[in-house]
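Let me begin by presenting the structure, written as structure tokens, before commenting on it.
The values are calculated or read from the model by the stated rules, or taken from the named source; none is laboratory data. Bear in mind that the values here come from a model prediction, so they are computed numbers and not experimental data. Counting neighbours? That spans all protein chains shown, and the Cβs are built from the backbone with ideal geometry, glycine included. These accessible areas exclude ligands, DNA and RNA; they are computed on the full protein's heavy atoms, side chains included. Shrake-Rupley method; radii C 1.70, N 1.55, O 1.52, S 1.80 Å.
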Amino acid sequence: MWWDERVSARFRRNLQPTLTYWSVFFSFGLCIAFLGPTLLDLRCQTQSSLSQITWVFFSQQFCLLLGSCLGGVFKRTLAQSLLALFASSLAISLVFAIIPLCHNVVVLAVVMAVAGLAMGCIDTISNMQLVKIYQKDSAIFLQALHFFVGFGALLSPLIADPFLSDTNCILANGTANASSNLPHIRKSLVPHHPGNLSHYDLPMKGMVVTRVSYAFWIMALINLPVPIAVFFLLYKERMVPCFNGSSHPLLSADELALETRPGDKDELSTAGQRPHTAAGHEDLFSCCQSKNFRGASYTYFAVHVTGALVLFMTDGIVGEYSGFVYSYAVEEPLSVVHKVAGYLPSLFWGFITLGRLISIPVSYRMKPATMVFINVVGVLITFLLLLIFSSSVVFLFVGTASLGLFLSSTFPSMLAYTEDILQYQGCATTVLVTGAGIGEMVLQLLVGSIIHDRGSYSFLVCGMIFGCLAFTFYALLVFFHRMYPKPSPELDEASPDKAAVPEDTGQYQR
């Protein structure tokens with residue numbers, strides 16, 4: 001294997017939980033990408049207007065952000081984390097099964113809000129738990145985790161595509177013009193920007209002819225093994241209440257895994273281990289309590305803020321580019337035909353998934369800080385070249401692929417880098433997940449408004465500005481990293497709390 005024996009052995013010991021967290025993130029990806037291509041058929045199913053149905057995007061994204069903030073609440077014990085993941089992954093399967101039964105747009109928005117909450121919890125908890133298991137070795141496993149969300153995001157539109165309506169799915173008089181524009185309308189659907197399709201007039205009453213229900217039921221079945229896998233992990237760890245025949249105490253989440261000290265051998269600890277209060281990885285609201293600020297230096301806050309701002313920009317770029325690149329391509333001066341322009345979002349997400357796959361072995365050989373540097377510089381250069389060759393259709397496709405590659409590993413690399421700076425004792429995971437979610441929602445709304453007022457060329461200008469800001473915030477993060485106080489080995493060994501911390505076995509612990 002291309003990694004060393006220590007990491008390989010640690011992975012083998014934690015194989016089941018690691019695969020479980022990866023599979024749960026597949027659920028996240030499956031749920032995040034289906035809404036765009038199926039939205040017109042869902043409009044027919046609910047017999048609503050385009051402006052009404054696109055608010056379903058907002059309900060999902062807003063609750064995803066809320067779920068990300070609340071996800072840290074379930075980290076106090078491993079049992080809470082796994083039960084939350086079980087409920088969330090099961091909720092996603094139920095959402096897929098229930099969507100075909102939603103014939104009212106408000107009911108559909110509520111169902112998608114539930115899906116958003118489940119996705120937010122999955123996002124925060126899965127990242128947290130992998131960081132806790134592997135700590136300094138977590139970068140490679142985080143890259144794999146985010147590959148699975150990309151894989152799920154690629155798969156769900158492919159499942160839905162055979163069941164999408166080729167013509168308007170509400171049969172009424174005078175729909176010929178609207179039906180001919182249907183492929184363009186479908187590609188123009190932009191998440192979180194409900195007003196962008198209000199100028200299209202599609203019928204709201206008539207006979208509904210859509211087969212999209214089959215796509216959702218297929219996705220429900222595909223996702224069903226995920227909550228089953230989480231249940232088996234709960235059962236193995238004797239955390240299922242009705243099947244728990246013993247009364248083993250649960251350790252806190254911070255005792256899930258501890259970094260192996262140099263010179264220590266991997267052997268199971270036989271000493272008694274007592275639960276203790278978790279020292280880090282709180283939910284967003286707990287992070288903001290004054291007790292967590294006592295004695296903290298200004299660099300502690302600066303690392304959290306600058307790390308979150310980098311992801312605010314980079315995840316915002318992912319959202320705005322995937323949402324508006326089609327609209328940019330079909331407008332002047334490029335005037336790409338609708339069918340060809342429709343490949344651009346797929347190309348972008350395809351290279352994000354490919355980049356995450358490539359980053360798995362690369363992250364073992366390269367430090368997370370170096371990977372983030374390459375990512376933000378690559379994004380900046382790509383947008384600069386896109387501006388220079390703004391009249392070239394060929395370079396638009398090349399630049400889209402390049403941008404997907406550079407953005408692919410930014411989030412897991414930044415998470416591993418920031419957690420390492422803070423010695424896994426801050427609130428980095430929750431703060432970074434929340435910052436990324438806010439950026440994806442806010443920047444897409446902002447860019448949509450600017451394009452509406454200033455024209456399509458502002459799409460690339462905005463991307464260039466966001467890329468510059470991401471690089472600036474990264475430079476500040478590196479500066480604060482150098483200023484951040486490093487732990488003293490002598491004090492660490494002499495600490496009275498040292499004996500209370502269980503020896504790291506590299507083993508998944510309850």
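Can you check what the Kirkwood hydrodynamic radius comes to for region 295-486, Cα pairs only, in Å to one decimal?
Details: mean 1/r = 0.0588 Å⁻¹.
Hydrodynamic radius (Kirkwood, Cα pairs) of region 295-486 is 17.0 Å.
Give me the net charge of GLY455's neighbourhood, meaning all other residues with Cβ under 10 Å from the Cβ of GLY455; Lys, Arg count +1, Asp, Glu -1.
-2
Dipole size in debye (nearest 20) for region 1-59 around its Cα centre, Lys and Arg Cβ +1, Asp and Glu Cβ -1?
Here the size comes out at about 220 debye.
Pick out, from CYS427, VAL398, SER449, the residue whose Cα sits farthest towards the positive end of the charge dipole of region 363-483, with +1 on the Cβ of Lys and Arg and -1 on the Cβ of Asp and Glu.
Result: VAL398, furthest along the dipole toward the positive end.
When ligands, DNA and RNA are left out and all protein chains stay put, how many square angstrom of accessible area per residue does region 331-455 have with a 1.4 Å probe?
41
Taking the Cα centre as origin and putting +1 on Lys and Arg beta-carbons and -1 on Asp and Glu beta-carbons, what dipole magnitude results for region 295-486, to the nearest 20 debye? Don't skip to the answer; put the middle values down first.
Working: 7 positive and 8 negative charges, 103 e Å.
Taking the Cα centre of region 295-486 as origin, the dipole is about 500 debye.
So how do 344-353, 101-110 stack up, highest first, on mean other-Cβ count within 10 Å?
344-353, 101-110
Once you sort the root eigenvalues of the Cα gyration tensor of region 384-464 as a ≥ b ≥ c, which label holds: rounded (a/c under 1.5), prolate (a/b larger than b/c) or oblate (the other case)?
oblate
Pull up all non-local amide H partners of CYS427: gap of 5 or more, or a different chain, and H-to-H distance under 5 Å with H placed in the peptide plane.
Counting only residues 5 or more places away or on other chains, the set is HIS281.
Starting from the amide H of THR77, placed 1.01 Å from N in the peptide plane, find each other amide H under 5 Å away whose residue is 5 or more places distant or on another chain.
Amide H to amide H, under 5 Å and 5 or more residues apart or across chains, THR77 pairs with ALA253.
Can you tell me the order of 8-21, 410-423 when each peptide is scored by its average per-residue count of other Cβ atoms within 10 angstrom, highest first?
Numbers: 8-21: 18.0, 410-423: 25.4.
The densest-packed peptide leads the list: 410-423, 8-21.
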